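Heads up, the thing below is written out as structure tokens.
The values are calculated or read from the model by the stated rules, or taken from the named source; none is laboratory data. The structure displayed is predicted, hence computed values, not measured ones. Ideal geometry is used to build each Cβ from the backbone, glycine not excepted, and the neighbour counts take in all protein chains shown.
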């Protein structure tokens, strides 16, 4: 042990500690910088989608330039947007979401035999039906055959407009998720730079502003009878699907078991005459029931999550009421909501018993924060009440939000 200086041992330990702390801090900063930079990069790349023509516009221009007027085209865009300005063509829309029947496939076979092109506005038809094979066995078989090249059609070209920046392109792929064979275009689009395949993207993200428009060309010109046979190879699997348009007697009894509308809501009651006050009271009750439990969960936060208590309370009460009905424990009624509220309140009571002094001390020191949260909630709530007052049909699919919300920023 000669020559060993024990006085230096604490110094080495302190230096080692600071070295690790610096490395950890540098790593944390690096992660934050990477996340912020990557998010900003993708946001700028996504903005480039709007710097080019919409894929449906590009497809329409190509068809009108290269396809003779009067040509037969099958448009697969049922309950979807459409490729515009195809009025000069013999256009037929495949009603994919109607019930799968032999007559439906027979009509499709006839149209495919006499048409020259099949055009998809987006991936919505073949991805949505792929998720319900029992209801749409024949339609799924049609897409399998079409994308596999068994109906005489080949993918002629695709029109895309992916997010891209500085040569980096973010691509999505819905064909693979639908379990279809990815066809190779006869006229592939020239690609440059580096591409990232991000897999399936939700239709709400890509289906409106940059869908993948596919154009299949009839190169085989198969006879109608051949196409008809290939479309009906699984006709024995068809069944009448329960689409919920009419309730069964058991379903009707279950829905009415929780009370009819007039039984649950008194038209002459004070809640219908003062709905704003009624909603505020309900939200405050849920807020108070969930507040202690929320403060326990979010203890590491400076405000203990008191601003989040109302949101968490609504989520928990709603989820508990839903899960009780979903698993068949009870029918949906006001009692399922009460039960969910009681469970949340019991969790908060347990927290109060455990850390009562800590919660009281926090409110004494931060009562202004609690007051600020209440003012913020009331301002937001009354603001949306005003919005609903100015537009009572906000829910409506056409005068309301489902379509016109996209025009609000304009």
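Observations, loosely collected:
- Among the criteria (1) modelled with pLDDT under 90; (2) under 26 Å from residue 99 (Cα atoms), the one residue 216 does not fulfil is (1).
- Among the conditions (1) surrounded by fewer than 14 Cβ atoms within 10 Å (Cβ to Cβ); (2) modelled with pLDDT of 90 or more, residue 241 misses just one, which is (2).
- Among helices (runs of 4 or more DSSP H) entirely within segment 323-408, having at least 3 residues that are assigned by TED's automatic domain parsing to the domain that holds residue 302, at pLDDT below 85 and loosely packed, with under 14 Cβ neighbours inside 10 Å singles out no element at all.
- Test: residue in segment 100-107 that is modelled with pLDDT under 90 and part of a loop (DSSP other than H, G, I, E, B): yes
Quick grid of which residues meet (1) part of a loop (DSSP other than H, G, I, E, B); (2) surrounded by 17 or more Cβ atoms within 10 Å (Cβ to Cβ); (3) in contact with a helix residue (DSSP H, G or I) (Cβ under 9 Å, 6 or more places away or on another chain):
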| site | (1), (2), (3) |
| --- | --- |
| 75 | no, yes, no |
| 80 | yes, yes, yes |
| 133 | yes, no, yes |
| 162 | yes, yes, yes |
| 179 | yes, no, yes |
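- So residue 183, is it in contact with a strand residue (DSSP E or B) (Cβ under 7 Å, 6 or more places away or on another chain), farther than 18 Å from residue 77 by Cβ and at pLDDT below 90: yes
- Out of 145, 157, one residue alone is surrounded by fewer than 22 Cβ atoms within 10 Å (Cβ to Cβ), in contact with a helix residue (DSSP H, G or I) (Cβ under 9 Å, 6 or more places away or on another chain) and under 20 Å from residue 58 (Cα atoms). It is 157.
- Test: residue 274 is within 26 Å of the chain's Cα centre (by Cα) and in the same structural domain as residue 360 (by TED's automatic domain parsing): no
- Neighbours by Cβ (under 8 Å, 6+ apart or cross-chain): first from segment 52-63, farther than 10 Å from residue 119 by Cβ; second part of a helix (DSSP H, G or I): 53/61
- Candidates 122, 225, 128, 192 - the one that is closer than 24 Å to residue 51 by Cα, out of contact with any strand residue (DSSP E or B) (no Cβ under 6 Å at 6 or more places or on another chain) and at pLDDT 85 or above: 122
- Top-ranked residue of segment 297-307 - restricted to ones that are part of a helix (DSSP H, G or I) and surrounded by fewer than 19 Cβ atoms within 10 Å (Cβ to Cβ), ranked as nearest to the chain's Cα centre (by Cα): 307
- Number of the exception - residue 60 against (1) modelled with pLDDT of 90 or more; (2) in the same structural domain as residue 117 (by TED's automatic domain parsing); (3) in contact with a strand residue (DSSP E or B) (Cβ under 8 Å, 6 or more places away or on another chain): (3)
- Residues in segment 73-99 that are touching a residue at least 40 places away in the same chain (Cβ under 8 Å) and closer than 11 Å to residue 119 by Cα: 73, 74, 75, 76, 77, 83.
- Residue within segment 194-214 that is within 22 Å of residue 86 (Cα to Cα), in the same structural domain as residue 60 (by TED's automatic domain parsing) and part of a strand (DSSP E or B) present: yes
So that you can scan it fast, the table gives a plain yes or no per residue for (1) under 30 Å from the mean Cα position of the chain (by Cα); (2) surrounded by 11 or more Cβ atoms within 10 Å (Cβ to Cβ); (3) modelled with pLDDT of 85 or more; (4) under 19 Å from residue 382 (Cβ atoms):
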position: 251; (1), (2), (3), (4): yes, yes, no, no
position: 256; (1), (2), (3), (4): no, yes, no, no
position: 293; (1), (2), (3), (4): yes, yes, yes, no
position: 311; (1), (2), (3), (4): yes, yes, yes, yes
position: 320; (1), (2), (3), (4): yes, yes, yes, no
